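Colleague: So that we are looking at the same thing, I have put the structure below in structure tokens.
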Amino acid sequence: MTPQANIMIVASIAPSHENELRSLLASMTSQPGTYDPTNALVPFHEIDTLHFARFVILEDATRDDLLAYGDPIAASGKSLALLCDFDGEVDRFIGDLVSIAGVGLVRIFSNCVSPPTVANLTSWLHAHNARASASYVNWIGRTLVQVHEEELLYQALGKRIEATDLSGSSPRQVWDALHRFVEQEQTAGRITLTPEPPTPLSWRIKNILHCIGIPLLLLLFLPLILLYLPFFLIQLRIHEKTDPVIAPRPRADHNHDLARIEDHLVTNQFSAYGNLKPGSFRRWTIATVFLAIDYTARHVFNRGFLARVVTIQFARWVFLDDHKRAFFASNYDGSLEAYMGDFINKVAWGLNVVFSNGLGYPKTDWLIANGAKDELTFKDYLRRHQLPTQVWYNATPNLTACDKERNARIRSGLEQPWMSDRALQQWIGLF
């Protein structure tokens, strides 16, 4: 199995270069926000391990919200972020990225403070990589090569079924016929199904240590945690009763900028950025929440769903600006309205646990109750913190997470040495 990883390269934009940078990023798109494969700067599509990528300008439009706490307005300034979700290790991916798009990246990041050169680009990218505090992959180990091959398999089998009279055939006879067809196509080189590579030993060891180590640490500190719990709950209630809600209706031009880059494909992107509530209590709370999300995403929710939500393909949460702000990015199926509705209806408590530590979030009770249940206020809050993505690349623009899962099940069924009649009937139903 080849596990997935991600990078987020962040660099401050030189104010005098912002217009030039925006022009460069716009030249990479075929329509607002949508990656153009003919662009001359960064050919993301030439990297055969890259699932999703985006350039997004980080700009905090809610800086003066801190005045509600009596704090000074947050520092201004804009940053450019490059996010990539890919197969394999970070070092190898950055090597591929530099090899394929080094000159273009240098040109883009030359509009930032302390820009890279062609000679030091690799080390510069490593130095500017903001590590995710929590990340989610819909199906750990499903590579881009696998996704492409299984989609071609699905299409070939679909055409074969349409062209063949299978009426009156039993499910086992249908499976036998399609199995023989795939073998013939593989022999002819028209279908390729690459075997799953072995899981890297270093990743396997780290994963086992992480899986065991976090619960052991939790167990070790359990007496202290139980001792602190009443004080935590008291602090939490005090904060919840006094934290201001700041969720005015988003500006019309902001809504317009976001709407024009959404719903061009079956999958969409989402980028949100904002201040955390001031103080160490909220800082430690969100750090603990991220730790829990990262653990469960890695060891529990790694086979097609996050809690009860199946439409997220990749997501991550990143601390920025000395842990004073947080950034969230996801690649999800369907419209934003359906995406938010899905979360509100199924895991509103999960939204509250994470986003209630953000400045201005709708009031929660005991961290998990209410909050997102105030649907209109929640949607205004989230939309206000959402950022337009300047360039968004999707390697499989016509495939949802459910499509990928269907295709994988079709391949798995073909590769089974034997299936029961019931399993065969279910397998036929996938077409």
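Colleague: Restricting attention to segment 211-221, and to residues there that are open to solvent by 70 Å² or more (accessible area, probe 1.4 Å) and assigned to a helix (DSSP H, G or I), which single residue is nearest to Ser356 (Cα to Cα)? Step through it out loud before you land on a result.
Modeller: Taking segment 211-221 and keeping what is open to solvent by 70 Å² or more (accessible area, probe 1.4 Å), we get 212, 216-221.
Of the ones still in play, those that are also assigned to a helix (DSSP H, G or I) are 212, 216-220.
Working: Ile212: 29, Leu216: 28, Leu217: 26, Leu218: 23, Leu219: 27, Leu220: 28 Å.
Applying the filter and picking the extreme gives Leu218.
Colleague: Taking only pairs six or more apart or across chains, which ones have beta-carbon atoms under 7 Å, a first residue in segment 106-122 that is closer than 19 Å to Leu83 by Cβ, and a second residue that is assigned to a helix (DSSP H, G or I) and of a type in the set (D, E, K, R)?
Modeller: Partner pairs satisfying both residue conditions: Asn111/Glu20.
Colleague: Residues being outside any loop (DSSP other than H, G, I, E, B), modelled with pLDDT of 95 or more and surrounded by fewer than 19 Cβ atoms within 10 Å (Cβ to Cβ): count how many of those fall in segment 35-63. Working first, answer last.
Modeller: Taking segment 35-63 and keeping what is outside any loop (DSSP other than H, G, I, E, B), we get 35, 44-46, 50-58, 63.
Among the residues that remain, those that are also modelled with pLDDT of 95 or more are: 35, 44-46, 50-58.
This time we only want the ones that are surrounded by fewer than 19 Cβ atoms within 10 Å (Cβ to Cβ), so: 45-46.
Number satisfying all stated conditions: 2.
Colleague: Let me ask something else about it. Return the residues of segment 130-163 that are outside any helix (DSSP H, G or I) and open to solvent by 50 Å² or more (accessible area, probe 1.4 Å); say none if nothing qualifies. It would help to see each step written out before you state the result.
Modeller: Restricting attention to segment 130-163, the residues satisfying the condition of being outside any helix (DSSP H, G or I) are 130-143.
Once the filter is applied, which keeps residues that are outside any helix (DSSP H, G or I) and open to solvent by 50 Å² or more (accessible area, probe 1.4 Å), segment 130-163 yields Arg131, Trp139.
Colleague: Then there's this: Does any residue of segment 179-189 turn out to be among the polar types (S, T, N, Q), within 30 Å of Leu80 (Cβ to Cβ) and modelled with pLDDT of 95 or more?
Modeller: Step one: list which residues in segment 179-189 are among the polar types (S, T, N, Q), which gives 184, 186-187.
From what's left, within 30 Å of Leu80 (Cβ to Cβ): none.
Looking through segment 179-189, none of the residues is among the polar types (S, T, N, Q), within 30 Å of Leu80 (Cβ to Cβ) and modelled with pLDDT of 95 or more.
Colleague: Follow-up. Looking at (1) open to solvent by 20 Å² or more (accessible area, probe 1.4 Å); (2) modelled with pLDDT of 95 or more, which one does Phe301 not meet, given that it meets all the others?
Modeller: Every listed condition holds for Phe301 apart from (2).
Colleague: Counting only residues that are farther than 20 Å from Asp243 by Cα and either of a type in the set (D, E, K, R) or touching a residue at least 60 places away in the same chain (Cβ under 8 Å) (or both), how many does segment 61-91 have? Give the derivation first.
Modeller: Of all residues in segment 61-91, those farther than 20 Å from Asp243 by Cα come to 75-91.
If we keep only those that are either of a type in the set (D, E, K, R) or touching a residue at least 60 places away in the same chain (Cβ under 8 Å) (or both) too, we end up with 75, 77-91.
Residues in segment 61-91 being farther than 20 Å from Asp243 by Cα and either of a type in the set (D, E, K, R) or touching a residue at least 60 places away in the same chain (Cβ under 8 Å) (or both): 16 in total.
Colleague: Can you find a residue that is open to solvent by less than 30 Å² (accessible area, probe 1.4 Å), out of contact with any Asp or Glu (no Cβ under 7 Å at 6 or more places or on another chain) and in a strand (DSSP E or B) anywhere in segment 13-26? Steps first, please.
Modeller: Within segment 13-26, the subset open to solvent by less than 30 Å² (accessible area, probe 1.4 Å) is 13-14, 21, 24-25.
Okay, now just the ones that are also out of contact with any Asp or Glu (no Cβ under 7 Å at 6 or more places or on another chain), so 13-14, 21, 24-25.
Checking which are in a strand (DSSP E or B) leaves us with 13.
Within segment 13-26 (the criterion being open to solvent by less than 30 Å² (accessible area, probe 1.4 Å), out of contact with any Asp or Glu (no Cβ under 7 Å at 6 or more places or on another chain) and in a strand (DSSP E or B)), the answer is yes, since at least one residue qualifies.
Colleague: Within segment 249-302, which residues are touching a Pro at 6+ places or on another chain (Cβ under 9 Å) and among the basic types (Lys, Arg)?
Modeller: Taking segment 249-302 as the starting set, the residues that turn out to be touching a Pro at 6+ places or on another chain (Cβ under 9 Å) are 254, 257-258, 260-261, 264-267, 271, 295.
Passing the criteria: only Arg260.
Colleague: Turning to a different aspect of this structure: Name the one entry in Gly279, Gly304, Gly274 that is touching a strand residue (DSSP E or B) at 6+ places or on another chain (Cβ under 7 Å), over 22 Å from Cys402 (Cβ atoms) and of a type outside the set (A, V, I, L, M, F, W, C). Spell out how you get there, then give the answer.
Modeller: Numbers: Gly279 fails: touching a strand residue (DSSP E or B) at 6+ places or on another chain (Cβ under 7 Å); Gly304 fails: over 22 Å from Cys402 (Cβ atoms).
Sole residue among the options that is touching a strand residue (DSSP E or B) at 6+ places or on another chain (Cβ under 7 Å), over 22 Å from Cys402 (Cβ atoms) and of a type outside the set (A, V, I, L, M, F, W, C): Gly274.
Colleague: Also, I was wondering about something else. Considering only helices (runs of 4 or more DSSP H) fully contained in segment 336-431, which possess at least 2 residues that are under 20 Å from the mean Cα position of the chain (by Cα)?
Modeller: On the way: elements: 336-355, 375-385, 401-414, 421-428.
Passing ranges, in order: 336-355, 375-385, 401-414.
Colleague: So Gly168 fits all but one of (1) over 26 Å from Ile312 (Cα atoms); (2) part of a helix (DSSP H, G or I); what number is the exception?
Modeller: Gly168 satisfies all of (1) over 26 Å from Ile312 (Cα atoms); (2) part of a helix (DSSP H, G or I) except (2).
Colleague: Mind checking which residues of segment 230-288 are open to solvent by less than 20 Å² (accessible area, probe 1.4 Å), among the basic types (Lys, Arg) and assigned to a helix (DSSP H, G or I)?
Modeller: Correct list: Arg282 only.
Colleague: If you scan segment 108-129, which residues turn out to be in a strand (DSSP E or B) and within 23 Å of His51 (Cα to Cα)? First the steps, then the outcome.
Modeller: Of segment 108-129, the ones in a strand (DSSP E or B) are 112, 129.
Passing the criteria: only Asn129.
The values are calculated or read from the model by the stated rules, or taken from the named source; none is laboratory data. The shown structure was predicted, so the numbers you read here are calculated from the model rather than taken from an experiment. A quick note on method: Cβ atoms are made from the backbone with ideal geometry, for glycine too, and the neighbour counts reach across all protein chains shown. In case anyone asks, the SASA skips ligands and DNA or RNA and just uses the protein heavy atoms, side chains included. Shrake-Rupley method; radii C 1.70, N 1.55, O 1.52, S 1.80 Å.
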